[in-house]
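Inspection log for the structure reproduced underneath, given as structure tokens.
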Amino acid sequence: MKRVLLHSAFWLIYLLQDTVLEIVWVGPALKNIPENVQFWMAFKAAIAAWVPKLIFTYYILYIAIPEIVKGTRKLFWTILQVTGAIIVTIILYRLIFVYCINPVIYSGMLKDRPLFHLLSVLLAVMDIGFVSGVAITLKLLRIQLAAREREKNLIKEKLEAELKFLRHQTNPHFLFNTLNNIYALARKRSEHTAEVVMRLSKLLRFMLYESKSDFIKVADELKILDDYIALEKMRYERLTIHFQRDIDEPTQQIAPLLLLPFVENAFKHGASESRFDSFIRIQVQVQEGQLTFNIENTKENHTTEDIKDNIGLYNVRRQLELMYREYDLQIQNEPHIFSVRLYINLTSYAQV
């Protein structure tokens, strides 16, 4: 229905402007005729001349252009057909002028010209070409805009699928590490094994249901960190953990499970590989939508080589690229300390 209204509006506007041009063109030959009569004569002439232009325009819009765009027929044959259609349209246009508009609508008041008078044929080409050219331009513009919209939607769907994949990949990675913890406790016949399983169940419930959202509250993200730290602390006796937080708005939104991989990494490559006293320090600050997250842990391999992203770190980097426009991630590998500093403007959502 919308398309019908748009097409009707287009042709109505065209007929009105064509009527005005017709009055200007034939006005000198109709001096003794009232203006209102001149208008209706010109309007009827515009409608009569409109018929071949209408047929040609819709032939181009709905037959020729789709054939060219889809490639259903060789370009040579399409051009040949269009040329033939132009010739037929010009002939029909001139027949209407010579045998209808001049003798019937204008009662022979206009100067008679041969059917294929050169100037009249050129005027016919210009008249037909103008309206069909405008219509074709609008059609091609609409096709181009639709193609851009489809491309934009495809890119958006691709990025959303990648984001979901990254999050789903984080879950097995986390589960793998936690099951290793449970295995270690079970080997020791620790009384904490059942409690660890219960905490793991809570974390998995969160990952299965709440982490599907694009964003969660900062308070919920920190609760996951608390549960994970409590779960991991049961394994280590000589580990000191400091967790400081300064949150002005706990309901501020953040991408789910964005901070957990850094905490996992601190336990896996810090505490689990340490034979002596070790520590993990975590600081989280959220002020006016600006998040600053710092975490550092001791390590004993004393290497300072460049950091190679594991699955968790790679996933976080890619999620940051997809979710936020303003962020900064810095990782330092010093001889005894491994540290991460993350800044995010939580209000700078990227258009995924």
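The values are calculated or read from the model by the stated rules, or taken from the named source; none is laboratory data. Note that this is a predicted model, so its numbers are computed, not measured. A quick note on method: Cβ atoms are made from the backbone with ideal geometry, for glycine too, and the neighbour counts reach across all protein chains shown.
Just to verify a result, which residue in the range 225-246, among those that are at pLDDT below 85 and part of a helix (DSSP H, G or I), is farthest from residue 200 (Cα to Cα)?
At the first step, the residues of the range 225-246 found to be at pLDDT below 85 are 227-228, 230-239.
Cutting the leftovers down to part of a helix (DSSP H, G or I) gives us 227-228, 230-233.
On the way: 227: 9, 228: 8, 230: 10, 231: 8, 232: 10, 233: 13 Å.
Per the stated criteria, the residue is 233.
Can you find a residue that is under 23 Å from residue 14 (Cα atoms), of a type in the set (S, T, N, Q) and either in contact (Cβ under 8 Å) with a residue 12 or more places away in the chain or surrounded by fewer than 14 Cβ atoms within 10 Å (Cβ to Cβ) (or both) anywhere in the range 56-67?
Within the range 56-67, the first condition is being under 23 Å from residue 14 (Cα atoms), and the residues that meet it are 56-65.
Among the residues that remain, those that are also of a type in the set (S, T, N, Q) are: 57.
If we keep only those that are either in contact (Cβ under 8 Å) with a residue 12 or more places away in the chain or surrounded by fewer than 14 Cβ atoms within 10 Å (Cβ to Cβ) (or both) too, we end up with 57.
Yes, the range 56-67 contains at least one residue that is under 23 Å from residue 14 (Cα atoms), of a type in the set (S, T, N, Q) and either in contact (Cβ under 8 Å) with a residue 12 or more places away in the chain or surrounded by fewer than 14 Cβ atoms within 10 Å (Cβ to Cβ) (or both).
Residue check: is residue 76 surrounded by 12 or more Cβ atoms within 10 Å (Cβ to Cβ) and assigned to a helix (DSSP H, G or I)? It would help to see each step written out before you state the result.
On the way: surrounded by 12 or more Cβ atoms within 10 Å (Cβ to Cβ): no; assigned to a helix (DSSP H, G or I): yes.
No.
Of everything in the range 259-270, what is part of a loop (DSSP other than H, G, I, E, B) and modelled with pLDDT of 85 or more? Give them in sequence order. Step through it out loud before you land on a result.
To start, the set of residues in the range 259-270 that are part of a loop (DSSP other than H, G, I, E, B) comprises 259, 270.
The one that is part of a loop (DSSP other than H, G, I, E, B) and modelled with pLDDT of 85 or more: 259.
Say whether the condition of being in a helix (DSSP H, G or I), of a type in the set (Gly, Ala, Ser) and either outside the structural domain of residue 13 (by TED's automatic domain parsing) or more than 24 Å from residue 43 (Cβ to Cβ) (or both) is met by at least one residue in the range 58-66.
If we filter the range 58-66 for residues that are in a helix (DSSP H, G or I), which is where we start, we get 58-66.
Those still in the list that are of a type in the set (Gly, Ala, Ser) too: 64.
Narrowing further to those that are either outside the structural domain of residue 13 (by TED's automatic domain parsing) or more than 24 Å from residue 43 (Cβ to Cβ) (or both): 64.
So far as the range 58-66 goes, yes, one or more of its residues are in a helix (DSSP H, G or I), of a type in the set (Gly, Ala, Ser) and either outside the structural domain of residue 13 (by TED's automatic domain parsing) or more than 24 Å from residue 43 (Cβ to Cβ) (or both).
Looking at (1) touching a Pro at 6+ places or on another chain (Cβ under 8 Å); (2) in the same structural domain as residue 15 (by TED's automatic domain parsing); (3) part of a helix (DSSP H, G or I), which one does residue 128 not meet, given that it meets all the others?
The single condition residue 128 does not satisfy is (2).
Can you name the condition, by its number, that residue 273 falls short on among (1) modelled with pLDDT under 75; (2) of a type in the set (Asp, Glu); (3) closer than 30 Å to residue 288 by Cβ?
Evaluating residue 273 over (1) modelled with pLDDT under 75; (2) of a type in the set (Asp, Glu); (3) closer than 30 Å to residue 288 by Cβ leaves (3) as the failure.
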